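So the structure is just underneath, and the comments pick up after that.
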Amino acid sequence: MMFGLLKQRRRLRLRAQPFPGDWMRMIERNVPFFRRLSANDQAELLGHTQVFLAEKRFEGCGGLAITDEIRMTIAAQACLLLLHRKTDYFPRLLTILVYPSAYMVEERRQIEDHVWEEGTMTRLGETGRRMGSLVLSWEAAKSGAADPSDGKNVILHEFAHQLDYENYAADGVPELATREQQLSWREVMRAEFASLRAADETGIPTLLDTYGATDSAEFFAVATEAFFERPHALCTRHPKMYAELQRYFHQNPVEYLDEKIKAN
Ligand SMILES: [Zn+2]
């Protein structure tokens, strides 16, 4: 209990610190999403970013030296997922490993019952429930952030997995406030997942990346990317799914985009 209180107080202090101007300019430049937020949301996001930077370790891999630009780009987008919610800042995550670009991993994959395939796979990012770390390709992270409307964002994707782990299972169901919300989430997402699977098998074009048809955990990560990056289309074509995500994230990205259009 004591530790929890100290942690809360330390986080309050961190959030209240002034945000360095050059860090802010890096976020404005690399994370166009930031400008779509209201002044209040921007302030909240910068506060969360301070806590995130103080609590998580960044480590360069494959010869990459970690810079403030890398830390800001990743931290600000990860913290977009925390806005408006009571948050424990991705509690199962300690370290963010960053490679310069796509990286190779040796993988052994089961294709059929007794058939395994071994080989080198290319990856842009990954994380796992027991890993304590999250891996990103800097090149993919930066380009995913640069276009906030293409539905692809490896940072949002991998950090959505971390949210999924908050309630210990990697099942595509994050921590939901009420039993009623859990039931409605499961019902809506199960149906949406089944229809993405069916579309993937028959080759029907989909709004969601069909990588989400892999399993329910990938489905949540892919749905999160679409929720923030293609909210209008998601809201129109999958209104029930949009409503569940809106209720969980306490955010309505459709409005962020409208704000931007108004300002232009
Ligand atoms: Zn994934």
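Take the conditions (1) more than 14 Å from the ligand (Cβ to nearest atom); (2) in contact with a strand residue (DSSP E or B) (Cβ under 6 Å, 6 or more places away or on another chain); (3) modelled with pLDDT of 95 or more; Pro100 misses just one of them, which is (2). Scan the range 209-228 and give yes if some residue there is exposed (fewer than 15 other Cβ atoms within 10 Å of the Cβ) and of a type in the set (Gly, Ala, Ser), otherwise no. Within the range 209-228 (the criterion being exposed (fewer than 15 other Cβ atoms within 10 Å of the Cβ) and of a type in the set (Gly, Ala, Ser)), the answer is no, since none of the residues qualifies.
Pairs meeting the criteria (first residue in the range 150-179 and of a type in the set (A, V, I, L, M), second residue at pLDDT 95 or above and part of a loop (DSSP other than H, G, I, E, B), beta carbons under 7 Å, at least 6 apart or on different chains) are Leu156/Leu81; Ala160/Leu81; Leu163/Leu81; Leu163/Pro174.
Exactly one residue among Arg129, Arg123 is on the phi < 0 side of the Ramachandran plot, out of contact with any Ser or Thr (no Cβ under 8 Å at 6 or more places or on another chain) and within 13 Å of the ligand (Cβ to nearest atom), and that residue is Arg129. Selection of first residues in the range 1-28 that are at pLDDT 95 or above and of second residues that are outside any helix (DSSP H, G or I), restricted to Cβ pairs under 8 Å at least 6 apart or on distinct chains, gives the following pairs, ordered by first then second residue: Arg11/Tyr89. Might you check whether a residue that is under 13 Å from the mean Cα position of the chain (by Cα) and over 28 Å from Ser101 (Cβ atoms) occurs anywhere in the range 167-174? Within the range 167-174, one or more residues are under 13 Å from the mean Cα position of the chain (by Cα) and over 28 Å from Ser101 (Cβ atoms).
For every residue, the table says whether it meets (1) among the polar types (S, T, N, Q); (2) away from the ligand (no atom under 13 Å from the Cβ); (3) touching a Pro at 6+ places or on another chain (Cβ under 8 Å); (4) within 24 Å of Tyr89 (Cβ to Cβ).
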| position | (1), (2), (3), (4) |
| --- | --- |
| Thr206 | yes, yes, no, no |
| Asp209 | no, no, no, no |
| Asp215 | no, no, no, no |
| Phe227 | no, yes, yes, yes |
| Thr236 | yes, yes, no, no |
| Lys240 | no, yes, no, no |
| Glu244 | no, yes, no, yes |
| Tyr248 | no, yes, yes, yes |
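Please pick out the residue among Thr49, Thr73 that is open to solvent by less than 60 Å² (accessible area, probe 1.4 Å), within 23 Å of Glu255 (Cβ to Cβ), among the polar types (S, T, N, Q) and modelled with pLDDT of 95 or more. One residue alone meets the criteria, Thr49.
The values are calculated or read from the model by the stated rules, or taken from the named source; none is laboratory data. Since this is a predicted model, take the numbers as computed values, not measurements. As a convention, Cβ positions derive from the backbone with ideal geometry for all residues, glycine included, and neighbour counts pool all protein chains shown. What goes into the accessible areas is simple: the full protein's heavy atoms, side chains included, and nothing from ligands, DNA or RNA. Shrake-Rupley method; radii C 1.70, N 1.55, O 1.52, S 1.80 Å.
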